């Protein structure tokens with residue numbers, strides 16, 4: 001669960017965004033995308049675990065990101081087809097069904113003809129890395145439970161590329 005508190009600016013904050021508010025940056029607090037987070041990008045989150053998806057979506061939204069979430073590949077199809085340059089896919093590696101997050105990434109890149117920035121998440125990072133035979137450009141691998149600082153760093157890094 002992501003801890004959320006209310007601050008004088010009247011917006012909810014995670015511990016990450018609260019520091020900005022307490023530092024007097026209420027006009028640029030979590031309601032507004034923080035420029036250091038690559039404010040122009042949208043995030044598409046594909047996660048089949050309801051609790052993980054809802055917590056991650058809440059965290060990213062509170063951090064100021066335009067976040068869209070889906071539980072299944074079928075549910076995400078419209079969001080994926082609308083991805084534009086600078087948007088980032090965040091996908092679980094082990095999805096329910098036949099496809100993996102890596103399969104979704106390959107299909108999306110083939111459809112869009114570009115290296116869509118992607119973060120792949122897995123509760124079994126070592127197994128996922130064994131499946132990846134060579135480096136994947138514009139892709140970061142993170143383990144679950146998601147380290148929020150690592151997630152934000154990966155988003156910033158991919159958003160800047």
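Multiply the residue separation of residue 94 and residue 75 by 0.36 nm, subtract the distance between their alpha-carbon atoms, and state the gained length in nm to one decimal. Working it through step by step, the gained length comes to 5.2 nm.
By the beta-carbon count within 10 Å of each Cβ, the least crowded to most crowded order of 131, 83, fewest first, is 131, 83.
Note on the range 93-161: Cα-Cα pairs beyond 20 Å make up 29% of the total pair count.
Based on Cα contacts under 8 Å between residues 6+ apart, the range 116-161 shows a relative contact order of 47 percent. FRET efficiency for the pair residue 66 and residue 124, taken as 1/(1 + (r/R0)^6) with r the Cβ-Cβ distance and R0 = 45 Å, rounds to 0.90.
Read the figures in this text as sums done on the coordinates, not as results from a lab. Note that this is a predicted model, so its numbers are computed, not measured. Every residue, glycine as well, gets a Cβ built from its backbone with ideal geometry; the counts of neighbours run over all protein chains shown.
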